[in-house]
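Asker: Structure provided below as structure tokens; questions to follow.
The values are calculated or read from the model by the stated rules, or taken from the named source; none is laboratory data. Keep in mind the model is a prediction, meaning the values are calculated, not measured. When we count neighbours, we look across all protein chains shown, and the Cβ atoms used for this are built from the backbone with ideal geometry, even at glycine. The area values use the complete protein model at the heavy-atom level, side chains included, leaving out ligands, DNA and RNA. Shrake-Rupley method; radii C 1.70, N 1.55, O 1.52, S 1.80 Å.
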Amino acid sequence: MAHSNFGEDFLKNFKIPKYVLVPKSESENVPDVPECPVLVFINSRSGGQLGGDLLVTYRSLLNETQVFDLGEETPDKVLSRIYANLEKLKQNGDEFATKIQEKLRIIVAGGDGTAGWLLGVVSDLKLSHSPPIATVPLGTGNNLPFAFGWGKKNPGTDSQSVKSFLNEVKKAKEMKIDSWHLLMRMKTPKDGPLDPIAPLELPHSLHAFGRVSDTNELSVEGYHTFRGGFWNYFSMGMDAQVSYAFHTERKLHPEKFKNQFSNQSTYAKITRSQGWFSSSLSQSSSRNINQFAKLMIMKNHGGHWEELQIPPSIKSIVCLNLPSFSGGFNPWGMPTRRRHNGEFTPPYVDDGRIEVVGFRDAWHGLVLLAPKGHGTRLTQVINMKWFCYIICSNES
């Protein structure tokens with residue numbers, strides 16, 4: 001897309017006065033309501049140096065009080081403070097603040113985990129009108145931005161590139177995205193109690209809702225039950241183990257993860273080193289999903305829980321809310337012939353369905369490189385509730 005010339009008048013479409021965002025600030029003379037007021041959240045650690053560069057550019061173009069570094073302050077604290085101030089201003093009859101809240105959009109720059117983190121925070125706020133969220137592809141896979149038309153390559157960080165992105169945000173249409181909750185039950189260890197994992201230690205792609213109390217009806221004797229939610233995908237087995245190793249290595253040695261290409265190379269190396277391309281027969285059998293986990297599904301809202309029958313060769317299960325996985329691949333594919341009385345349909349982000357796909361090993365995953373390749377379709381679950389909005393680029 002050719003760049004246009006954007007002047008100072010253009011940036012007025014996005015700027016939010018300080019008094020709207022910062023409690024107890026002095027009122028300002030603001031004649032016009034911006035057409036597309038935005039809050040910007042940037043993971044400065046994403047994309048190597050790109051996150052930090054992007055933070056500098058956004059702060060130079062917009063008011064600094066509307067651009068936040070997620071490494072300095074968490075989005076739940078920021079948004080709770082801003083919305084509390086907006087409500088106070090509205091109660092005092094501030095029509096400008098009321099219109100800002102109605103038009104507000106959020107930009108989040110980071111990986112899929114960072115985007116999921118923001119979606120979770122917005123969901124927890126339980127607002128009457130949730131602000132739509134635009135995602136800047138600053139991570140390794142960038143499946144969430146790709147699914148909504150923002151691309152999967154890391155963006156430019158110069159002023160012209162950022163202005164061009166702001167212009168796309170202003171023109172973008174809103175789309176709903178399904179929200180999924182899951183329960184995880186783990187047997188109580190024999191050598192003592194299991195303390196819940198601190199939410200900030202969990203990957204942000206799994207939004208932590210906390211541990212279920214022993215008195216809750218969801219609790220089962222002899223097990224600890226945890227609740228979580230996600231918007232992109234949740235995996236078990238092969239993919240989850242590789243992702244966890246990648247996440248751990250990046251936390252220990254962030255200097256090694258300088259750009260998208262090197263990150264993808266590291267991910268491939270971890271996959272090979274863990275033996276997912278060539279494992280022994282005994283090791284292969286012990287890694288089968290049905291050897292260590294059961295997956296229960298409810299096919300219709302308000303129905304009964306059923307155990308999903310998993311073929312014995314499956315070593316990885318991915319529950320997909322997006323038609324994009326592992327950097328833009330579609331593991332579910334596009335079914336043309338329906339099975340089981342029309343059970344399988346193409347995947348969409350807002351259809352109230354989630355797709356469950358299985359893989360035998362890393363070689364099986366390579367089938368996604370073929371034009372109509374897909375994993376083993378296990379089931380498609382229906383849920384008729386959604387909670388968040390996301391912005392879809394008009395370029396898609």
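Asker: Of the residues that sit in the stretch 218-237 and are over 22 Å from I289 (Cβ atoms) and in contact with a strand residue (DSSP E or B) (Cβ under 9 Å, 6 or more places away or on another chain), which one is most open to solvent (accessible area, probe 1.4 Å)?
Answerer: If we take residues in the stretch 218-237 being over 22 Å from I289 (Cβ atoms) and in contact with a strand residue (DSSP E or B) (Cβ under 9 Å, 6 or more places away or on another chain), then L218 is most open to solvent (accessible area, probe 1.4 Å).
Asker: Looking at the stretch 38-56, I want the residues that are among the charged types (D, E, K, R) and have a partner that is buried (at least 24 other Cβ atoms within 10 Å of the Cβ) with Cβ atoms under 9 Å, at least 6 apart or on another chain. Which pairs are those?
Answerer: As it stands, the answer is R45/G51; R45/G110; D53/G47, since those pairs meet every condition given.
Asker: Does the stretch 25-45 contain at least one residue that is open to solvent by 30 Å² or more (accessible area, probe 1.4 Å), closer than 25 Å to W117 by Cβ and more than 20 Å from the chain's Cα centre (by Cα)?
Answerer: The answer is no, given that none of the residues of the stretch 25-45 is open to solvent by 30 Å² or more (accessible area, probe 1.4 Å), closer than 25 Å to W117 by Cβ and more than 20 Å from the chain's Cα centre (by Cα).
Asker: Taking only the stretch 137-151 into account, find how many residues are modelled with pLDDT of 85 or more and either polar (S, T, N, Q) or surrounded by fewer than 21 Cβ atoms within 10 Å (Cβ to Cβ) (or both).
Answerer: Result for the stretch 137-151: 2.
Asker: OK, next. Taking K88, is it touching a residue at least 12 places away in the same chain (Cβ under 8 Å) and either out of contact with any Lys or Arg (no Cβ under 7 Å at 6 or more places or on another chain) or within 19 Å of H207 (Cβ to Cβ) (or both)?
Answerer: yes
Asker: Right, another one. Restricting attention to the stretch 323-354, and to residues there that are in contact with a Lys or Arg (Cβ under 7 Å, 6 or more places away or on another chain) and within 18 Å of D112 (Cβ to Cβ), which single residue is modelled with the lowest pLDDT?
Answerer: Ranking the candidates gives G327 first.
Asker: Does the stretch 189-211 contain any residue that is at pLDDT 70 or above, over 21 Å from N321 (Cβ atoms) and open to solvent by less than 90 Å² (accessible area, probe 1.4 Å)?
Answerer: Within the stretch 189-211, none of the residues are at pLDDT 70 or above, over 21 Å from N321 (Cβ atoms) and open to solvent by less than 90 Å² (accessible area, probe 1.4 Å).
Asker: Would you be able to say whether some residue in the stretch 372-379 is open to solvent by less than 20 Å² (accessible area, probe 1.4 Å) and either in a helix (DSSP H, G or I) or modelled with pLDDT of 85 or more (or both)?
Answerer: yes
Asker: Let me ask another. Every residue in the stretch 91-112 that is part of a helix (DSSP H, G or I) and open to solvent by less than 70 Å² (accessible area, probe 1.4 Å), please.
Answerer: Within the stretch 91-112, F96, A97, T98, I100, Q101, D112 qualify.
Asker: So in the stretch 152-165, with the set limited to residues that are surrounded by 17 or more Cβ atoms within 10 Å (Cβ to Cβ) and of a type outside the set (S, T, N, Q), which one is nearest to A115 (Cα to Cα)?
Answerer: Of everything passing the filter in the stretch 152-165, K152 is nearest to A115 (Cα to Cα).
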